[in-house]
1. For region B:290-306, check the following and say yes or no: at least one residue is within 15 Å of residue B:36 (Cα to Cα) and within 14 Å of chain A (Cβ to nearest Cβ).
2. Tally up the residues in region B:1-38 that are crowded, with 19+ Cβ neighbours inside 10 Å, out of contact with any strand residue (DSSP E or B) (no Cβ under 9 Å at 6 or more places or on another chain) and assigned to a loop (DSSP other than H, G, I, E, B), please.
3. Among the residues of region A:126-152, write down those that are farther than 21 Å from residue A:49 by Cβ and without any contact (Cβ under 8 Å) to a residue 40 or more places away in the chain.
4. Quick check: is even one residue across region A:286-299 crowded, with 19+ Cβ neighbours inside 10 Å and closer than 30 Å to residue A:142 by Cβ?
5. Across region B:131-154, what is the number of residues that are assigned to a loop (DSSP other than H, G, I, E, B) and at negative phi?
6. Got at least one residue in region A:179-187 being over 30 Å from residue A:1 (Cα atoms) and in contact with a helix residue (DSSP H, G or I) (Cβ under 8 Å, 6 or more places away or on another chain)?
C-alpha cells in the first residue's frame, strides 16, 4: 500500500498562482507515489471566519474546481470536506484533554498568526485550539506524511506530542506519528511586491482568472519605480515581473538574458510584462480548458464520494479511540 | 408540552447521600412537571480523568442504577450517555469559535476548580473549555431549565452568552437561552466533618452501601471531640450526626429535642448514632430493594433507549446548526 499523505486548504477564497507553485503542482506529482488525501478544511476556516459562513460555503466548490483543473485526479487522490466528517470534531474533543492551555499558547505558528490577525486579547478559543483539530485531521486518516512549509513544522510537532501522549496513557500503538515533507518552494510574492500573494489581500493572480484579468494584473505588477525610461538601467531585486518569470518561464536561460538586458538598460517594462503575460497565459490556458469541462454536479459528486470513503476510515479510527478511552 | 430540563452527573463514582439531598430527590419531583433529561457526562468526566477511562466506564452503570433505585422513572425521564451523542462534540467545536480564551479564563467556576484540582500551569485544554461543552449539552437538547447550585451559575451565563452570540451572528433565533432552577439545599458535609461529601474523598455514605457499611460509617462520624462523657454537655455546631439528622430525620421536633438533650448533657454519641443509623437504614432500605430488582441488561437497555431518543433531538438541532454555519 502506498503511504498516506494528508494535505488541504481552508476554503476562504479561490486558489491562485502562489498556491500553484507552493503546493498544487507538488500534489499533482505526489498523487502518483502516495495515497493522497486532500481536505477542504471548512471547519478550520470557521475558526477565524465564523461570521462569514456563506463565504466559506461558496468557496468549497471553487477550491474543488481549482484542484481538478490543475490535474488533481480523483482516481488517485481522495478529496474530502472536513465538516462532513464529524468524527474529526469528536476526536478533537478527546485530544483537547491531552494538551495544556500553556502548551497551546506557546505554539509559534499560532502565536504569529494571532499577531497577524490582530486578535489581541480576543482570541477565539476555536482558533487557539486549532492545532488540536489538525492533530485530529491527520491521525483520524492515519496519514503519515504531511507536506508543509517550514512555518507549519510546529503543527507536526504538536500532533506527534498528542500521538505519543495518547499511546502512552492508553497503552496502545495504533496512532502513528507523522513526518513532514518539507516544501522548499518559497512563497510567491503578490503583484504589489509588498507581501506574499494571499486570497485576502487581493494581490494574487487566480487560477480561474480570465485572460483579460491576467493581463491586467501583469501590467499592474510592481517593477522598479526608478526605471522611468526604457534606456535606464533597471533593478531585478524586488521586481515582481522577474520573480514570476523565474517561477513560471520554462526557459531559464532566456530569463537570465532578459535580466541582463534589463539591468543594462534598453529593456522596457512593457516588453517584459508582455513576455510574462504570454508565459502565464500559456500556463493557465490548459487549466482553464480543463475547468470548463467541470460540471458543478460532477464536482459535488467527486467531493461526496471522496468524503464518504474518507469517513469510513475516520469511523474506523474513532471506533478504536472510543474503545480505548472507554466510552 | 412540558418544559425541558437538563441535568446530570459525571460518572466518576457511585452516588451518595450528598447527591440525594442535593439533586436526586429534586429530580424525582421534577420529572412529574418537566420533560427531564439526565445526562451521564462521561466525555466531561474525561476532561479531568482522561488517564482513568476504565474508572468512568465502570461508573456509568453504577450511576444509572443509582438513578433508578431512588425513583427516577425512565417513562418520565430520558437517561442518556453523553459520549454516545457525538453531535455534542461537533456543536462544541463550532461554539469554541464564539468564545475567547480570555473569557474562558475569567469563568469563576473553572477558576476555582483549577485551583482545587491543583492544575497550576498544566491546565488541560479540554478542562479549560468544558463550559463550552456544557453550552453544547444544554442547547443541543433545547433545554430551557437547568437545576444548579449557586456555584454553577457562571455556566448558565456562559451558555446564554454563546446562545446570544450565535443567534446574532447567524441571524437566527432557534437557540434558546436557559434559566437556572436554583437549588437551595446546602451541600451535605462528609462523615469526617471536614468538607462536603465527595466521591473522591471517600467520606460519603453511598446509596448502594450495605446496611453494615452504613452503620460503620455512621459510627465513624465526627461529632464533638470535647464530648468525652455522656453526662458532659455536647456541641451541635459542626456535629455531623446532627447535620445528617437534620437532613434525613422526618420528625423535626424529635430532632430539636435530641439537640437540647445533647447540649444539656446526658445524651451519648452512641445513642444519637444509633438513631441516625436507624433513620438512614429506613431511608435507604427501599432504594436497596429497588436496586436489587435491576438487572444489568435492563439498565443498559434503558440507557440505550434514552440515548437513542436524545440523539434524534441532538441530530435535529445539529442539522439546523450546520445549515446556518453554512457547512
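1. yes
2. The number of residues fulfilling the criteria is 1.
3. Within region A:126-152, A:148, A:150 meet the criteria.
4. So far as region A:286-299 goes, yes, one or more of its residues are crowded, with 19+ Cβ neighbours inside 10 Å and closer than 30 Å to residue A:142 by Cβ.
5. Of the residues in region B:131-154, 4 are assigned to a loop (DSSP other than H, G, I, E, B) and at negative phi.
6. Checking region A:179-187: at least one residue is over 30 Å from residue A:1 (Cα atoms) and in contact with a helix residue (DSSP H, G or I) (Cβ under 8 Å, 6 or more places away or on another chain).
One line per residue, one yes/no per condition, for (1) without any contact (Cβ under 8 Å) to a residue 60 or more places away in the chain; (2) under 14 Å from the mean Cα position of the chain (by Cα):
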| residue | (1), (2) |
| --- | --- |
| B:42 | yes, yes |
| B:47 | no, no |
| B:55 | yes, no |
| B:65 | no, no |
| B:73 | yes, no |
| B:85 | no, no |
| B:89 | yes, no |
| B:92 | yes, no |
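One line per residue, one yes/no per condition, for (1) under 30 Å from residue B:297 (Cβ atoms); (2) buried (at least 24 other Cβ atoms within 10 Å of the Cβ); (3) more than 7 Å from chain A (Cβ to nearest Cβ):
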{"residue": "B:40", "(1), (2), (3)": "yes, yes, yes"}
{"residue": "B:60", "(1), (2), (3)": "yes, no, yes"}
{"residue": "B:76", "(1), (2), (3)": "yes, no, yes"}
{"residue": "B:105", "(1), (2), (3)": "no, no, yes"}
{"residue": "B:125", "(1), (2), (3)": "no, yes, no"}
{"residue": "B:130", "(1), (2), (3)": "no, yes, yes"}
{"residue": "B:138", "(1), (2), (3)": "no, yes, yes"}
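The values are calculated or read from the model by the stated rules, or taken from the named source; none is laboratory data. For clarity, every value in this text was computed on a predicted model and none was experimentally measured. Backbone-built Cβ (ideal geometry, glycine too); neighbour counts: all protein chains shown.
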